[in-house]
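Just so you know, all these numbers are worked out from the coordinates, no wet-lab data involved. This one's a predicted model, so the numbers in the text were calculated from it and none came from an experiment. For neighbour counting, all protein chains shown are included, and Cβ atoms are generated from backbone atoms with ideal geometry for every residue, glycine included.
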Amino acid sequence: MVARVIEVELFDLVVFGASGDLAHRKLIPALYHRAHDGQVPEDARIICSSRRAYTDNEYRQWAKDALNEHVSDLDEDQLSKFLARLRYVQIDVGSGEGFDALKELLDDRPDVIRAFYLAVAPDLFGTICEHLGKADLVNAQSRVVIEKPIGKDGASARTLNATIGKVFAEDQIFRIDHYLGKETVQNLMALRFANALFEPLWNAAHIDHVQITVAESLGVGGRAGYYDTAGALRDMVQNHLLQLLCLVAMEPPESMNADSVRDEKLKVLKALAPITENTADKLTVRGQYTAGASAGGAVPGYLEELGHDGSSTETFVALKAEIANWRWAGVPFYLRTGKRLAKRVSEIVVQFRPIPHSIFSEEAGSITANRLIIRLQPDEGVQMQIMIKDPGPGGMRLRKVPLDMSFADAFKIRNPDAYERLIMDVIRGNQTLFMRRDEVDAAWAWIDPILAAWNASKDMPRNYTAGTWGPSASIALIERDGRTWAEEGF
Ligand code: BG6
């Protein structure tokens with residue numbers, strides 16, 4: 001099947017922080033791809049802004065460099081057309097200088113969709129929204145996009161959401177969790193709700209446990225300043241991993257309508273059994289990497305990257321979550337994520353229960369319970385592990401084999417980056433893949449007690465050597481329950 005490209009409505013997109021890292025690596029390349037594919041109307045404007053004093057042409061050169069670095073098959077003709085769409089307005093969001101010039105530009109056509117993408121440090125979200133409000137730039141056609149982290153705990157998230165909520169209505173606020181824009185993450189919904197096969201088995205009666213691993217091989221690098229104020233629990237678990245857990249665990253929504261999907265995710269978040277000061281020690285493990293080797297080369301430890309000692313920020317988390325509801329009671333969800341692990345790999349493993357009774361003799365060999373593996377990245381795909389008879393003579397011998405589907409092999413189309421889909425959804429006004437305010441609150445309500453327990457504890461994160469799978473305590477966390485981390489695809 002070929003990809004279907006439907007042009008979106010005419011829009012003006014204003015990118016704040018347009019000379020930053022996110023714009024360089026993700027936003028400008030995503031917009032280029034969608035313009036190239038014919039999804040961006042001819043007259044749509046991409047208005048880039050930052051504190052720097054660029055002319056339109058100087059910014060175009062910056063964007064060209066970004067595209068040269070991050071897009072492998074640049075088409076010269078498309079490139080010059082794309083660059084010609086870019087406009088630049090210098091804005092100092094601190095003093096508010098520049099908002100008048102932006103207003104003058106946007107007021108040319110007040111009726112077109114107007115999206116403000118805040119690709120800036122989170123402490124500027126509120127200020128920019130206030131300026132947009134004061135400058136009278138927000139109308140019924142406007143919407144705002146913000147990136148995580150949304151707050152650093154429940155209270156700060158509520159304050160931020162309230163500030164933004166004074167200027168934009170909830171259906172105008174697009175809170176990005178870029179994991180929701182990944183093709184394979186959306187495929188989770190297709191897999192669960194477009195197949196009759198899984199749903200009858202998708203519960204505690206048939207599923208033993210679920211594992212969600214998001215492992216990165218890179219360290220914090222140049223982001224150490226931000227990262228040290230966050231840590232893996234806030235940076236990855238509060239958002240990406242919990243969103244993945246919700247998609248695995250939620251009830252079938254009534255439709256793909258944004259609120260139907262988000263209502264179901266919210267119920268899962270609310271049903272998460274609290275991890276408290278009394279249980280955090282048993283149910284969570286945090287780690288911090290020390291110097292080691294990655295991709296064959298020596299790499300520094302977290303504290304060396306940070307430039308000073310004494311940080312107790314975790315770069316690794318493993319935890320055991322439980323969902324206290326009828327479908328999932330007693331089924332652990334083991335989550336783990338970390339920087340500088342042995343490999344970059346993200347997978348969801350659904351481990352089914354063993355067969356209730358074997359009719360085979362001992363010579364047939366052991367029977368491994370079925371496992372469904374959803375590989376999010378790299379090598380996106382789905383694998384179902386089943387038992388078969390070993391082919392050929394030798395009697396009935398059983399063997400585990402993968403029913404394997406690699407998306408790259410099955411579909412010869414470019415795998416779009418999450419941001420492409422998400423930016424187009426902002427323009428289309430489709431909130432399905434964005435977090436609603438109450439979801440953010442519910443996620444923090446579960447995370448806050450873990451943070452509090454860690455703060456109250458005298459323990460420091462456990463060290464792990466860069467290039468390994470994290471502290472050995474994370475292996476003990478799952479092995480205590482008689483289970484092991486699945487590492488087939490790794
Ligand atoms: C971001 C985190 O949200 O996700 C980063 O802030 C992390 O620390 C990144 O590296 C991982 O995203 P991806 O798409 O590379 O898995």
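So between Arg4 and Asp21, what do we pick up on full extension, going 0.36 nm a residue minus the alpha carbon distance? Provide the component values of the computation, followed by the final result.
Values: separation 17, 0.36 × 17 = 6.12 nm, distance 2.99 nm.
Here the segment from Arg4 to Asp21 would lengthen by 3.1 nm.
Neighbour counts of other Cβ atoms within 10 Å put Leu27, Leu376, Leu105 in the fewest-to-most order Leu105, Leu376, Leu27.
Among Ala155, Ala119, Met387, which residue has its Cα positioned farthest towards the positive end of the charge dipole of the chain, with +1 placed on the Cβ of Lys and Arg, -1 on the Cβ of Asp and Glu, and the dipole taken about the Cα centre? About the Cα centre, the residue reaching furthest to the positive side is Met387. A Förster radius of 22 Å, combined with the Cβ-Cβ distance separating Ile475 from Ser312, puts the computed FRET efficiency at roughly 0.50. With neighbour counts taken as other beta-carbon atoms within 10 Å, the residues Leu22, Leu319 rank, fewest first, as Leu22, Leu319.
Applying the criteria of a DSSP loop state and at most 14 other Cβ atoms within 10 Å to the trypsin sites (Lys or Arg not before Pro) of the stretch 398-427 yields Lys412, Arg414.
Which length gain, in nm to one decimal place, applies between Ala121 and Glu199 when the Cα-Cα distance is subtracted from 0.36 nm times their residue separation?
Working: separation 78, 0.36 × 78 = 28.08 nm, distance 4.11 nm.
Contour length minus the Cα-Cα distance gives 24.0 nm.
Cβ-to-Cβ counts within 10 Å put Ser217, Ser406 in ascending order as Ser406, Ser217, the fewest first. Restricting the chymotrypsin sites (Phe, Trp or Tyr not before Pro) of the stretch 315-358 to loop positions (DSSP other than H, G, I, E, B) with no more than 12 neighbouring Cβ atoms within 10 Å leaves Trp326. In terms of overall dimensions, the stretch 186-270 has a Cα radius of gyration and Dmax of 16.0, 47 angstrom.
Kirkwood hydrodynamic radius of the stretch 26-152, from the reciprocal of the average inverse Cα-Cα distance over all distinct pairs: 15.7 Å. Placing pseudo-labels 7 Å out from each Cα toward the beta carbon at Arg52 and Ser255 gives an inter-label distance of 4.5 nm. With the cut-off at 1.5 for a/c, could you classify the stretch 335-487 from its C-alpha gyration tensor as rounded, prolate or oblate? Oblate. Computed over the chain, the percent of Cα pairs more than 31 Å apart is 48. Given R0 = 41 Å, the distance between the Cβ atoms of Asp281 and Glu104 translates into a calculated FRET efficiency of 0.10. Three principal axis extents of the stretch 189-327 based on alpha-carbon atoms, in descending order, are 51, 36, 29 Å. A crude spin-label estimate for the pair Lys267 and Asp65, with each label 7 Å from Cα along the Cβ direction, gives 5.2 nm.
Look at the alpha carbon pairs under 8 Å that are at least 6 residues apart: their mean separation over the length of the chain gives a relative contact order of 18 percent. At an R0 of 22 angstrom, the distance between the Cβ atoms of Ser72 and Asp37 translates into a FRET efficiency of 0.90.
Model label sites at Ala291 and Asp438, defined 7 Å from Cα along the beta-carbon direction, differ in position by 5.2 nm.
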